[in-house]
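Undergrad: Below are the structure tokens for one structure; questions will follow.
The values are calculated or read from the model by the stated rules, or taken from the named source; none is laboratory data. Since this is a predicted model, take the numbers as computed values, not measurements. Cβ atoms come from the backbone with ideal geometry, glycine included; neighbour counts cover every protein chain shown. With ligands, DNA and RNA removed, areas are computed over all heavy atoms of the protein, side chains included. Shrake-Rupley method; radii C 1.70, N 1.55, O 1.52, S 1.80 Å.
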Amino acid sequence: MLLATSAILSAQELMPPASPGGMVRLFTTDAAILEAQEARKDLPCTVTPAKPVLGFDLKFHTGYDVNVPLKELAGSENTLTMVFRVTPDDHPDASTYFSQHVNVPAIDDDEKGPAFLQGEFNVGEGKYHVDWLMRDRSERICSFHWDAEASLPPKDKQMSLDIAADAIRPMDTEPFKQEPPIQREQHDKPLNVKVMINFAPQDSASATLQPLDLNALVSILRSIHREPRIGRFSIVAYNMQEQRVIYRQDKAAAIDFPAIGKALASLNLGTVDLKRLTQKHGDTDFLSNLITSEVKDAKDEPDAVIFAGPKVMLDNGLSTDTLKQLSDVKFPVFYMNYNLNPQVNPWKDAIGNCVKYLKGVEFTISRPRDLFFAWTDIMGRIVKLKFGRTGTGNGASQ
């Protein structure tokens, strides 16, 4: 178990060429095994390739699972080294090499069961060939080779991915790294949007924010940030379980992702504040006050307010009086409802009912394609309401 849990998330390192434009330097034996493309089992293991799957970050995620009997690793501490190359079929001279090292603790001779290892990387659309090997300190080898194809279905071909066709990249281990500068449209009336995002797990009772949920929510923010027609961003990041705003950013030229990541580190979903236990409808009061202050009394004069996050199911929804206070809101309101299993809970939540009252539009984000098409629709509506059907503030056609 120690081996399995420590190995699953060990990073794959991109192997750079020995010199600019040169070849990657490999051990002679490793190079020969990769070239031979024959399966070897000196070190018994079973490799199961993972089919490329499109993530919310609009990149194809793929990789492999490795199963090694623990008895084969019995003895003193060991090190497993994995080396593999990924080659696009359309560019056979453009292979990308990775390495991965796993430290193996001392294992008793009578240990039973398997050790599980994993590796992941990203690719763009295309066909690829993977040559893979693993060796231990005794130079025992396990090798495997497979083909993979990453492809959008015909109905999704219009989607713009965040990785080029035939590109091969290591997995991104920093979900909150800052975005590169965006070339934004320059005109007298830059769009100003406010995003109110609930950083919370799908299961409201969960004590942790799972990586899948976190990456999906961050991907929603990145899709908004990359829109060149937006010039100002106001961000309100909150958590319904803790009933508090954890980060705020007002009318900024760019979303500060590292600051959001730092703020999220303060979440402690596994505990309950005693003060909240004494409040009969604390969650409803928190959401009512938040929406009233950020939507009705918005001082940042947004061109649109976008709610994002998982459903917020309250025992007592927002009161009629609260909703009536929002009646004079002039800007459009949208809801990007992150819901991986909409069939399990098809009912509108408190935010959905509020958006409906404001004659806004709700989008269910269950798959990566939902995020792409929802954001395309939202931007089309914002531009139409702000500038009219045929142009932006600088006269460019839409």
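Undergrad: With a 1.4 Å probe and all protein chains left in place, how much accessible area per residue does the chain have, in Å²?
TA: Accessible area per residue: 51 Å².
Undergrad: How much of Tyr64 can a 1.4 Å solvent probe reach, expressed as accessible area in Å² and rounded to 10?
TA: Taking all protein chains as shown, Tyr64 has close to 0 Å².
Undergrad: Any chance you could get the radius of gyration and Dmax over the Cα atoms of segment 60-168, in Å?
TA: 17.3, 56
Undergrad: How large is log10 I(q)/I(0) at q = 0.07, 0.08 Å⁻¹ when the Debye formula is applied to the Cα atoms of the chain, each weighted equally and without solvent?
TA: -0.43, -0.55
Undergrad: Would you mind counting up the charge near Gln183? Only other residues with Cβ under 13 Å from its Cβ, with Lys and Arg at +1 and Asp and Glu at -1.
TA: Result for the neighbourhood of Gln183: 0.
Undergrad: I would also like to ask the following. For the chain, with a Gaussian network of springs between Cα atoms less than 10 Å apart, report the residue from Pro332, Pro181, Pro105 with the top mean-square fluctuation.
TA: Greatest mean-square fluctuation among the candidates belongs to Pro181.
Undergrad: With all protein chains present, how much of the accessible area of segment 127-212 (probe radius 1.4 Å) comes from carbon and sulfur, to the nearest whole percent?
TA: 50 percent
Undergrad: Now for a different question. Relative contact order (percent) for segment 146-258, with alpha-carbon contacts under 8 angstrom and 6 or more residues of separation?
TA: 29 percent
Undergrad: Could you identify which residue out of Leu26, Leu117, Leu264 has the top mean-square fluctuation in a GNM of the chain using Cα springs shorter than 10 Å?
TA: Evaluated over the chain, the most mobile residue of the options is Leu26.
Undergrad: In addition: Within the accessible area of segment 304-361, what % is carbon and sulfur when the probe is 1.4 Å and the other protein chains stay in place?
TA: On segment 304-361, the fraction of accessible area on carbon and sulfur atoms equals 50 percent.
Undergrad: So what is the relative contact order for the chain, in percent, with contacts set as C-alpha pairs under 8 Å and at least six apart?
TA: 13 percent
Undergrad: In Å, what is the Rg of the alpha-carbon atoms in segment 85-230, and how long is Dmax?
TA: Taking only Cα atoms of segment 85-230, I get Rg and Dmax of 21.2, 74 Å.
Undergrad: Write down, largest first, the equivalent ellipsoid semi-axes of segment 226-268 in whole Å, where each equals the square root of 5 times an eigenvalue of the alpha-carbon gyration tensor.
TA: Ellipsoid semi-axes (Å, largest first): 23, 11, 8.
Undergrad: If packing is taken as the mean number of other Cβ atoms within 10 Å per residue, what is the order of 31-42, 71-82, 191-202, 346-357, highest first?
TA: Taking the mean over residues of other Cβ atoms within 10 Å, the ranking is 191-202, 346-357, 71-82, 31-42.
Undergrad: Indicate the helices, whole DSSP H runs only, in the chain that combine a mean Kyte-Doolittle hydropathy of -0.5 or more with a Cα extent along their long axis of 18 angstrom or more.
TA: 211-225, 368-387
Undergrad: Give the residues of segment 40-69 whose amide nitrogen is closer than 15 Å to a point set 7 Å from the Cα of Phe27 in the direction of its Cβ.
TA: Within reach of a label on Phe27, which here means backbone N under 15 Å from a point 7 Å along Cα→Cβ, segment 40-69 contributes 42-43.
Undergrad: Same structure, new question: Could you pull out the pairs from Lys194/Lys356; Lys157/Lys330; Lys251/Lys356 whose alpha carbons sit more than 29 Å apart here?
TA: With Cα atoms farther than 29 Å apart: Lys157/Lys330.
Undergrad: Follow-up question, since we're still on this one. Pairs Lys296/Lys359; Lys71/Lys127; Lys189/Lys296; Lys189/Lys262: which exceed 26 Å Cα-Cα?
TA: Over 26 Å apart, Cα to Cα: Lys71/Lys127; Lys189/Lys262.
Undergrad: For segment 236-378, calculate the relative contact order in percent as a whole number, restricting contacts to Cα pairs under 8 Å that are 6 or more residues apart.
TA: Dividing the mean separation by the residue count of segment 236-378 yields 19 percent.
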